[in-house]
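> Below are the structure tokens for one structure; questions will follow.
Derivation of every value follows stated rules applied to the coordinates shown; laboratory data play no part. Nothing here was measured: the structure is a model prediction, and the numbers come from that model. Cβ sites come from the backbone with ideal geometry, for glycine too, and all protein chains shown count toward neighbours.
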Amino acid sequence: MVPVGKRYVRLAIDYLTLDFGAINSDYLFVNLYGGALGAPWSYDSVDDLVRRTRKKVGFYFTPHMFRHTYSTRLLQAGARIEIVSELLGHADIQTTRSIYGHLNVADLRAELDRVGWLDESVVTL
């Protein structure tokens, strides 16, 4: 399950209506032209689509790279790491922190600025 906004739900409904036609399925990505019509895509179907898309766009990517980008963007936008970890289905938050974070120094500084830690005020001890 993937949480999405209203705009994407609308696009998905249009896709289902226009491309599926009379196919009745509970899945979004289904066989439309071969195999069991309406059955969910197999790993090989997704792999084939990714290979063809890579040729068209001219750079290498994997579906798993989108997962890393998703988690990094959520963290950069201020999402709590516990929430991101849950969305990714990680059993251990350390997996999210160490493997999926991809935060850099600019991200860390932006968070310190956001919470007022670097506000140029004088600190007295």
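> Report the gain in length on full extension from residue 92 to residue 4: 0.36 nm times residue separation, minus Cα-Cα distance, nm rounded to one decimal. Numbers along the way, then the final one.
Working: separation 88, 0.36 × 88 = 31.68 nm, distance 2.38 nm.
Answer, rounded to one decimal: 29.3 nm.
> Let's test the formula: R0 of 22 Å, r as the Cβ-Cβ distance of residue 64 and residue 27. What FRET efficiency results, to the nearest 0.05?
The computed FRET efficiency comes out at 0.65.
> Per the helix-only calculation at 222 nm, which mean residue ellipticity applies to the chain, given -39500 (n - 2.57) for every DSSP H run of n ≥ 4 and division by its residues, nearest 500 deg cm²/dmol?
Per the formula, -14000 deg cm²/dmol.
> Moving to a separate point now. If we count other beta carbons within 10 Å of each Cβ, what is the order of 81, 99, fewest first?
Placing the least packed residue first, the sequence is 99, 81.
> While we're here: By the gyration tensor of its Cα atoms, with a ≥ b ≥ c the square roots of the eigenvalues, what is the shape of segment 62-117: rounded for a/c under 1.5, prolate for a/b over b/c, or oblate?
Verdict is prolate for segment 62-117.
> Rank these for me by crowding, 46, 4, going from fewest to most other beta carbons within 10 Å.
Starting with the residue having the fewest Cβ neighbours, the order is 4, 46.
> By count of other Cβ within 10 Å, fewest leading, how are 59, 66 ordered?
59, 66
> Based only on Cα atoms, what mean projected area does the convex hull of the chain have, in nm²?
So the mean shadow area of the Cα hull is 12.0 nm².
> Now for a separate question. What residues qualify as long-range amide H neighbours of residue 39, i.e. H under 5 Å apart, gap of 5 or more or another chain, H built at 1.01 Å from N?
Here 31 satisfy the definition.
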